[in-house]
Amino acid sequence: MVFSSHLFIVYFLPLALLVYYATPARFRALPLTLLSYLFYGWANPAFVFLMLFSTVVDYRMGLRIASGQLVEAHDAPRGKRMQRQALILSVVTNLSLLGFFKYANFGIENYNALITAAGWESARWDTALRIVLPLGISFYTFQSMSYTIDVYRREAAPERSFLSFACYVSMFPQLVAGPIVRFHEVAQQLNVRTHSVEKFARGIAFFSLGLAKKVLVANPCGQVADTCFDAGAVNSLDAWWGLFAYGFQIYFDFSAYSDMAIGLGLMLGFVFPKNFDSPYRAPSITEFWHRWHLSLSQFLRDYLYIALGGNRRGAARTYANLILVMLIGGLWHGASWNFVLWGAIHGGMLALERTQGKESVYRRLPHVFRVGATFVIVSIGWIFFRAADLPQAWSYLQSVLGFGAGGDAAALLSGVLYQPYYVITLAAAAVLTWGAPQTWDFTRELTVPKAAWCGVALVISLLVLATQSYNPFIYFIF
């Protein structure tokens, strides 16, 4: 079930809000948890048990770590051992689940390719079974695992109520695509939170603007991008047009989902953290990662980069850590060498910029040109994010650089790519990206004109949604 669907908007959301507000405040964790499991299990009920298993393990390990902290007061070695064992079990369990479901197929494919190249076909591991990737497993395993790590670090108090913890892990607004909410950010809200007309109204505004970004901007941009990437042969101008279209698609697609998630949280009384901060306005790759997918960037920084030593062990180690973290971040996005190369591009640029003192290598350019150069570099990286495989990525990159073979077939694309509807949409995407206020700021204080804008955006989005057959959501596959 996706937010930008009539099933969710017309049926599930009204039912969820009705049940939630009809339940006395002190008991609302139960219906919210059950509704979240219904939301998650709609596509495949079996995956509910997978999430429940992860939840039980991390809940128990959190309590075990807390017990170890009490034992440590009078028996330090034993208490520390209890904590380490519980933390290791939590981390290993979550990473094993993620590794099996997300990377098993990738591992088998690469093993078979290597064996075949070596001439040992008899050692191939052929299987008729293909492991299905559970929706959102990358998000909820990271979120659940961060709880035990924070309890171990004494940065969060252990949650004694299993129902409250299950509600935290499964909460449907941010369950399958983030933002990755850390436990300490909502721990108090799980038990006591405020509900007000102002908060609910801001939630509706967030959701309305997010739906508009998704339906009116991301989807048409996605159609342009798909046409270019699937064409097989495309000239340089069209390749850039399709590449920028994909850059807008992924930004408006994912930031729209984050907006809708934050809005739904507000409707339920929760305040979730900001997840995007106008990333395409960044004047460097370093700044880009201070603005793009903030919850993931902070997760990788706090639980991986710092754990590897951060910038505390010399320049060479700092550069290596930056590259390694981005390689892992790329692989987190998908089991493909494309994502590894995407991570390598960003890791390499982060390391290169660090040599310049955290500034972009083009820092002497005027600000507007630095923003433009950063956007182009990020766009080049998106080729590897979007392409189906390395050969397609290399072919598209050649087209972007002017070395591709367009031919007569490529010339026919112009009639499709430059229709007024698509040109206007991409122009609107550019204006919104570099000229419009962020949803977070726009909805901070709702006035009558702002509320009217949000209402119009919601109505138009619903009308367009009724006619659209193209409605993908990119981050569902992660």
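Here are the numbers:
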| item | result |
| --- | --- |
| Segments classed as helices (runs of 4 or more DSSP H), wholly inside segment 364-470, with at least 3 members that are over 21 Å from residue 235 (Cβ atoms) and of a type in the set (A, V, I, L, M, F, W, C) | 367-386, 420-435, 448-465 |
| Enumeration of residues in segment 65-88 that are surrounded by 13 or more Cβ atoms within 10 Å (Cβ to Cβ) and under 13 Å from residue 154 (Cβ atoms) | 65, 66, 68, 69, 72, 79, 80, 83, 87 |
| Any hit, segment 87-108, residues being at pLDDT below 85 and either more than 22 Å from residue 329 (Cα to Cα) or not in a helix (DSSP H, G or I) (or both) | no |
| Candidate set from segment 291-325 (those that are of a type in the set (Lys, Arg) and in a helix (DSSP H, G or I)); member that is nearest to the chain's Cα centre (by Cα) | 301 |
| Residues (within 30 Å of residue 396 (Cβ to Cβ), touching a helix residue (DSSP H, G or I) at 6+ places or on another chain (Cβ under 7 Å) and in a loop (DSSP other than H, G, I, E, B)) located in segment 246-280 | 275, 276, 277 |
| Residue ID - farthest from residue 267 (Cα to Cα), chosen from residues in segment 179-206 that are in a loop (DSSP other than H, G, I, E, B) and more than 19 Å from the chain's Cα centre (by Cα) | 192 |
| Candidate set from segment 226-242 (those that are of a type in the set (A, V, I, L, M) and surrounded by 24 or more Cβ atoms within 10 Å (Cβ to Cβ)); member that is nearest to residue 401 (Cα to Cα) | 239 |
| Pair list, Cβ under 9 Å, 6 or more apart: segment 97-111 residue without any contact (Cβ under 8 Å) to a residue 12 or more places away in the chain, other residue part of a helix (DSSP H, G or I) and surrounded by 16 or more Cβ atoms within 10 Å (Cβ to Cβ) | 110/337 |
| Verdict on residue 104 being small (Gly, Ala, Ser) and more than 28 Å from the chain's Cα centre (by Cα) | no |
| Leading residue by the ranking (farthest from residue 90 (Cα to Cα)) among those in segment 38-76 that are of a type in the set (Asp, Glu) and assigned to a helix (DSSP H, G or I) | 72 |
| Test: residue in segment 396-411 that is acidic (Asp, Glu), without any contact (Cβ under 8 Å) to a residue 12 or more places away in the chain, surrounded by fewer than 17 Cβ atoms within 10 Å (Cβ to Cβ) and within 20 Å of residue 291 (Cβ to Cβ) | no |
| Considering residues of segment 420-460 that are in contact (Cβ under 8 Å) with a residue 40 or more places away in the chain and small (Gly, Ala, Ser) only, the residue surrounded by the most Cβ atoms within 10 Å (Cβ to Cβ) | 429 |
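The values are calculated or read from the model by the stated rules, or taken from the named source; none is laboratory data. The shown structure was predicted, so the numbers you read here are calculated from the model rather than taken from an experiment. Glycine also receives a Cβ, built like all others from the backbone with ideal geometry; neighbour counts cover every protein chain displayed.
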